[in-house]
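The values are calculated or read from the model by the stated rules, or taken from the named source; none is laboratory data. As the structure is a prediction and not an experimental result, all values here were calculated from the model. Cβ coordinates were reconstructed from backbone atoms using ideal geometry, including for glycine residues, and neighbour counts include every protein chain displayed. Note: areas computed on protein heavy atoms with side chains; ligands, DNA, RNA excluded. Shrake-Rupley method; radii C 1.70, N 1.55, O 1.52, S 1.80 Å.
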Amino acid sequence: QDATQLFLERLPIKFRSAALLAVSSEGHYLRVHTDRGSHLILMRISDAVRQLTQAKGLQVHRSWWVALEGIADTKRKNGRRMLVLKNNEIAPVSRSHIPALKAANILD
């Protein structure tokens, strides 16, 4: 099993075969965004990022990890960069993570 699949095992059955799009923190919880909807789990973003190191994705903000295949588009608003996910959620990009996104050919 790959890292993404192991991570999805934490979710209810209907999400386990879903495509992981992103993970965002909400207080002490994580919202796991999939192509079948989202679900809250009790976990820290740092633990999720550590668990997803083998997955094809990047931490793009202190509270967001995004799967590369989950990105539909990029946009700028008031000079700030954002990623548009395949479920139309918007993930903010912090300045410190821009070089990694450029290296992955996501931002120009």
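The residues of region 1-36 that are among the small types (Gly, Ala, Ser), closer than 18 Å to Val66 by Cβ and either in contact (Cβ under 8 Å) with a residue 24 or more places away in the chain or open to solvent by 50 Å² or more (accessible area, probe 1.4 Å) (or both), listed by number, are Ala3, Ala19, Ala22, Ser24, Ser25. Filtering region 84-100 to residues that are within 21 Å of Thr34 (Cα to Cα) and touching a residue at least 24 places away in the same chain (Cβ under 8 Å) leaves Leu85, Lys86, Asn87, Glu89, Ala91, Pro92, Val93.
In region 88-108, which residue that is in a strand (DSSP E or B) and not β-branched (Val, Ile, Thr) is surrounded by the fewest Cβ atoms within 10 Å (Cβ to Cβ)? Within region 88-108, the match that is surrounded by the fewest Cβ atoms within 10 Å (Cβ to Cβ) is Pro92. So, in region 49-63, of the ones that are of a type in the set (Val, Ile, Thr) and open to solvent by 20 Å² or more (accessible area, probe 1.4 Å), which residue ends up farthest from the chain's Cα centre (by Cα)? Here the residue is Thr53.
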